[in-house]
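For reference, the structure discussed in these notes is given below.
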Amino acid sequence: MLYQLHEFQRTMLAPLTNWANTAANAFSDHNNPVSFIPGAENIAASYKLLYRLSKEYKKPAFGITMVHSHGRDVSVVERTILETPFCKLLRFKRYADDLATITQLKKDPIVLLCAPLSGHHATLLRETVRTLLAEHKVYVTDWVDARMVPCDQGVFHLDDYVQTIQDFIRHIGAENLHIISVCQPSVPVLAAVALMASQGEATPATLTMMGGPIDARKSPTAVNSLATQHTLAWFENNLIFSVPAKYPGMGRKVYPGFLQHAGFVAMNPERHAQSHWDFYLKLRQGHSNDTAAHVKFYDEYNAVLDMDAAYYIDTIKVVFQDFCLPKGTWAVKGELVRPQDIKHTALLTVEGELDDISGSGQTQAAHGICTGISSAHKQHYVAPQCGHYGIFSGRRWNEMIYPQIRDFIRAHIKI
């Protein structure tokens, strides 16, 4: 009933939320006489904060329409290339109008960026995509909110995640493909490539894994501890609920996005509280232009999706409780995952020195189980003073991590 109660509360608060936004705009609009009454900025700031704390956050758009590539500004069009009930394969196609630039764009390496299915939408990687587009052809996994998937489409397991990645790799073409996985997908992506290698299929030219829990036993974080301190039954009883009637996925068992969001905030409550307080003070002082970064961040951070319960429970058990991948005990649809069978894919692992979600050594552990890859084709990089989100966004991503990935890909292009 928790999901239904949450929806009921949000419906009841909707008039207040809309009123707060209207009032905030009225008291801050200098074309409105009420904006000149004493204390108007304080009133507007209070209403704006109330609005942003209570509003529903929809999935943002990628909004990438142009990038600077090969010395030119080129247009970008987002296209859906392949679609399953639970995931879309997007391509960000670049267009130029001169032959020299077109020729250069065609020569760029192909990258499949595997976005996490762990609460936030793939748009969280917007900056990652934008940076990669300067010198790469980019595909992205865009996971569908489980509450929007009708029950007649079946449940979604971790095994299905692995198969989805394999289908996307085959569709794009493996031999000239470079995969980058950010955080959570590192485990199923490695499994997908390993199974393809075991079956004698072509595998991607490179595999870059960033901040992923390949072996969650190493340097366990608060996220890891939560998984090991509770039984699967506890997760099923406390975090799994049915989708309400207002959504296409009515009746589907999910781990709701609003509960995931509460967990995200609970990891750093003081930081979030201070951020909102600073936002309020800037509005009170009339510095609304200085709040753009806050608004942009929380528009993305507060937009969350539901995860299918089967996938979530599988992940807890396989990745965070039984450690099946590093132990060599994971079977996907009856076939054992053997990372040691990967021989023709170069491996790069990236970790943030201050990552508090995937601890030190968890991603690097891939080198110890991918024994079929020669040391000459393995590389590990630790980004100094970098937290989890800094791995794929911000200054450290652009100035330190991206150049490492770009050069690694260029060094392993198959001719």
*List every residue pair whose Cβ atoms lie under 6 Å apart, where the two residues are 6 or more positions apart in sequence or sit on different chains, the first residue falls within segment 343-370 and is among the hydroxyl-bearing types (Ser, Thr, Tyr), and the second residue, located anywhere, is surrounded by fewer than 21 Cβ atoms within 10 Å (Cβ to Cβ) and modelled with pLDDT of 95 or more.*
Thr349/Gln364; Thr349/His380
*Would you mind stating whether Thr141 is within 26 Å of Pro256 (Cα to Cα), in a strand (DSSP E or B) and at pLDDT 95 or above?*
yes
*segment 3-19 residues that are more than 24 Å from Ala44 (Cβ to Cβ), paired with ones that are among the basic types (Lys, Arg) and surrounded by 14 or more Cβ atoms within 10 Å (Cβ to Cβ) (beta carbon under 7 Å, 6 or more apart)*: none
*Would you mind stating whether Arg284 is surrounded by fewer than 19 Cβ atoms within 10 Å (Cβ to Cβ), touching a residue at least 12 places away in the same chain (Cβ under 8 Å) and either on the phi > 0 side of the Ramachandran plot or not aromatic (Phe, Trp, Tyr) (or both)?*
yes
*asked:* Condition first: buried (at least 21 other Cβ atoms within 10 Å of the Cβ), assigned to a loop (DSSP other than H, G, I, E, B) and not small (Gly, Ala, Ser). Now tell me which residues in segment 189-225 satisfy that.
replied: Thr203, Pro204, Pro213, Ile214, Asp215
_Sole residue being of a type in the set (Gly, Ala, Ser), modelled with pLDDT of 90 or more and surrounded by 12 or more Cβ atoms within 10 Å (Cβ to Cβ), chosen from Ser35, Ser75_ = Ser75
*Filtering segment 349-407 down to residues that are of a type in the set (Val, Ile, Thr) and assigned to a loop (DSSP other than H, G, I, E, B), which residue is surrounded by the most Cβ atoms within 10 Å (Cβ to Cβ)?*
Thr363
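Results for (1) of a type in the set (D, E, K, R); (2) surrounded by fewer than 16 Cβ atoms within 10 Å (Cβ to Cβ), shown as yes or no for each residue.
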site	(1), (2)
Thr65	no, yes
His68	no, yes
Arg79	yes, yes
Tyr95	no, yes
His120	no, no
Leu124	no, no
Tyr161	no, no
Ile169	no, no
*Checking Thr101 against (1) buried (at least 23 other Cβ atoms within 10 Å of the Cβ); (2) polar (S, T, N, Q); (3) in a helix (DSSP H, G or I), the condition it does not meet*: (1)
*Filter segment 1-40 down to residues that are under 29 Å from the mean Cα position of the chain (by Cα) and of a type in the set (Val, Ile, Thr), then give me how many there are.*
2
*Would segment 145-152 turn up any residue that is touching a residue at least 40 places away in the same chain (Cβ under 8 Å) and touching a strand residue (DSSP E or B) at 6+ places or on another chain (Cβ under 7 Å)?*
yes
*Give just the number: which of (1) crowded, with 18+ Cβ neighbours inside 10 Å; (2) outside any loop (DSSP other than H, G, I, E, B) does Thr228 not satisfy?*
(1)
*Of residues in segment 343-382 being touching an Asp or Glu at 6+ places or on another chain (Cβ under 7 Å) and among the β-branched types (Val, Ile, Thr), the one nearest to Pro220 (Cα to Cα)*: Thr363
*Look at segment 303-335 and say how many of its residues are free of Cβ contacts under 8 Å to residues at least 40 places away in the same chain and either over 21 Å from Ala216 (Cα atoms) or of a type outside the set (Val, Ile, Thr) (or both).*
5
*The lone exception for Asp299 - which of (1) touching a residue at least 60 places away in the same chain (Cβ under 8 Å); (2) under 21 Å from the mean Cα position of the chain (by Cα); (3) at negative phi; (4) buried (at least 16 other Cβ atoms within 10 Å of the Cβ) it fails*: (4)
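The values are calculated or read from the model by the stated rules, or taken from the named source; none is laboratory data. Predicted, not measured: the structure shown is a model, and the values here were computed from it. Every residue, glycine as well, gets a Cβ built from its backbone with ideal geometry; the counts of neighbours run over all protein chains shown.
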